[in-house]
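Okay, structure first, notes after.
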Amino acid sequence: MATPNFDELNPPSRLLLGPGPSPVSPRVLRAMSTPLLGHLDPAFLTIMNEVQAALRAVMGTANPFTIAVSGTGSAGMEAALVNLLEPGDTAVVGVNGVFGGRLAEIAGRCGAKVVKLEAPWGGVFSPAQVEEALQREGKVKLVALVHAETSTGARQPMEGLGEICRRHGALLVLDTVTSLGGLPVEIDAWGVDACYSGTQKCLSCPPGLAPLSFSPRALDVLRSRKQKVQSWYLDMTMIADYWTEGKRAYHHTAPISMVYALREALRTVLEEGLEARYARHARNSAALMAGLAALGCQPVAAEGHRLPSLNCITAPEGVNEAAVRKALLEEFGVEIGGGLGPLAGKVWRIGLMGEGSRQSSVMTVLSALEQVLARQGKVQRPGAALEAALKVYEA
Ligand SMILES: *Cc1c(COP(=O)(O)O)cnc(C)c1O
């Protein structure tokens, strides 16, 4: 067999404005190249404590069980469900996009009876809809919802949901993969019992860890399971012993460099300040959306329920959206996302997450889009998109 032979790694430079991963700062990249410690070294345990404290601050929780699961956002999703569900349990899952669908799929694999709450793609769920399902189903183990549905750009309002779940004896599980670090996440105030996220979206850290927080109520459910957790790797009864101060028992080797990266990413978030960070995300999204409207793109999610981190808009009528994305990537080095499921071929998904949420990103993607659309004869007034965006910045 011939020896594989390839050049030194030298990927093209890209502006990552898709649904993830988001751009990563040199600070975080430098942290990743820091020499390794052993995963039980007291110096590393201090670093873990720092990561946990910072995660609690960003998630809005005092939960002692707040950790980083080894794996991407989907590992966080699987960890939340596989630890809290047992075969025969009922799970009410909100499905208004791809990630609600993934939650339902995983809950089914846990052996749960899955009751799907349906809403149109781009829509959200009302407290009444959640309550009606809980009343109808009787004993429900948990309700699982997606706070920031990355496939549609919709933000689920959280007011009242925790209280409803509590009243019906159900846990509330929340996906904050595309919200954490980009818009307010207040899991204690909202009464969320299990919250997971990912490092690669608004935290602007490479993919590889999944923040996860369990409330004391969720921990009680975990500890009183009749059966062992089906997954060995994601069994939080054992992993808790590694992340709990005083114990720090070996389960699996922590991805050391990723923990370094998350520590620096969280330090960056807290240094900027949560309020300032959320305001920055909101402002850049407003400017981008104003520019996109001038190009004839319509938002998919309803007014008042739009994510600042993920801007999902319809492509202008008669435009080959895939060809536009290809041109953006190949000619301008700008990555944006296409549609998934029923939105495939119809929408673009432009992420302004973490380090990517900048005025320079907004102006770059708008001007590149305008140039590509102009070639297809789809631009009515050149410069209108940039003008509309600038108006938002100057307001
Ligand atoms: C990206 C995403 C996930 C999955 O995260 P991965 O890092 O791709 O595993 C889950 N939920 C939502 C809402 C997401 O946007």
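The values are calculated or read from the model by the stated rules, or taken from the named source; none is laboratory data. Every value quoted in this text rests on a predicted model; they were computed, and no experiment measured them. Ideal geometry is used to build each Cβ from the backbone, glycine not excepted, and the neighbour counts take in all protein chains shown. Just the protein is used for accessible areas: all its heavy atoms, side chains included, with ligands, DNA and RNA removed. Shrake-Rupley method; radii C 1.70, N 1.55, O 1.52, S 1.80 Å.
Residue-wise test of (1) at positive phi; (2) surrounded by fewer than 20 Cβ atoms within 10 Å (Cβ to Cβ); (3) outside the structural domain of residue 182 (by TED's automatic domain parsing).
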| position | (1), (2), (3) |
| --- | --- |
| 293 | no, yes, yes |
| 331 | no, yes, yes |
| 341 | yes, yes, yes |
| 353 | no, no, yes |
| 356 | no, no, yes |
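If the condition is being under 22 Å from residue 46 (Cβ atoms) and either away from the ligand (no atom under 16 Å from the Cβ) or of a type outside the set (A, V, I, L, M) (or both), then the range 195-235 contributes 199, 205, 208, 211, 213.
A single entry from 51, 69, 92 fulfils the requirement of being touching a helix residue (DSSP H, G or I) at 6+ places or on another chain (Cβ under 8 Å), of a type in the set (A, V, I, L, M, F, W, C) and closer than 30 Å to residue 299 by Cβ: 92. For the subset of the range 153-181 comprising residues that are within 11 Å of the ligand (Cβ to nearest atom) and touching a helix residue (DSSP H, G or I) at 6+ places or on another chain (Cβ under 9 Å), which member is farthest from residue 18 (Cα to Cα)? Here the residue is 174.
Within the range 383-392, none of the residues are surrounded by 20 or more Cβ atoms within 10 Å (Cβ to Cβ) and in a loop (DSSP other than H, G, I, E, B). Annotation note: of 73, 94, the sole residue that is within 16 Å of the ligand (Cβ to nearest atom) and touching a Ser or Thr at 6+ places or on another chain (Cβ under 9 Å) is 73.
Looking across 140, 130, 92, one residue alone is over 17 Å from the mean Cα position of the chain (by Cα) and in contact (Cβ under 8 Å) with a residue 60 or more places away in the chain. It is 92. For the range 63-89, a residue qualifies if it is over 17 Å from the mean Cα position of the chain (by Cα) and more than 21 Å from residue 144 (Cα to Cα), and exactly one does: 64. Being within 16 Å of the ligand (Cβ to nearest atom) and open to solvent by 60 Å² or more (accessible area, probe 1.4 Å) is not true of residue 136. Restricting attention to the range 337-382, the residues being touching a strand residue (DSSP E or B) at 6+ places or on another chain (Cβ under 9 Å), in a loop (DSSP other than H, G, I, E, B) and farther than 19 Å from residue 202 by Cα number 5.
Residues that are closer than 25 Å to residue 309 by Cβ and part of a loop (DSSP other than H, G, I, E, B) within the range 1-22 comprise 11, 12, 13, 14, 17, 18, 19, 20, 21, 22, listed in sequence order.
The helices (runs of 4 or more DSSP H) located wholly in the range 23-112 that include 3 or more residues which are surrounded by fewer than 17 Cβ atoms within 10 Å (Cβ to Cβ) and modelled with pLDDT of 95 or more occupy 26-32, 42-59, 98-109.
Among the residues of this structure, residue 175 does not count as one that is surrounded by fewer than 21 Cβ atoms within 10 Å (Cβ to Cβ), among the charged types (D, E, K, R) and in the same structural domain as residue 67 (by TED's automatic domain parsing).
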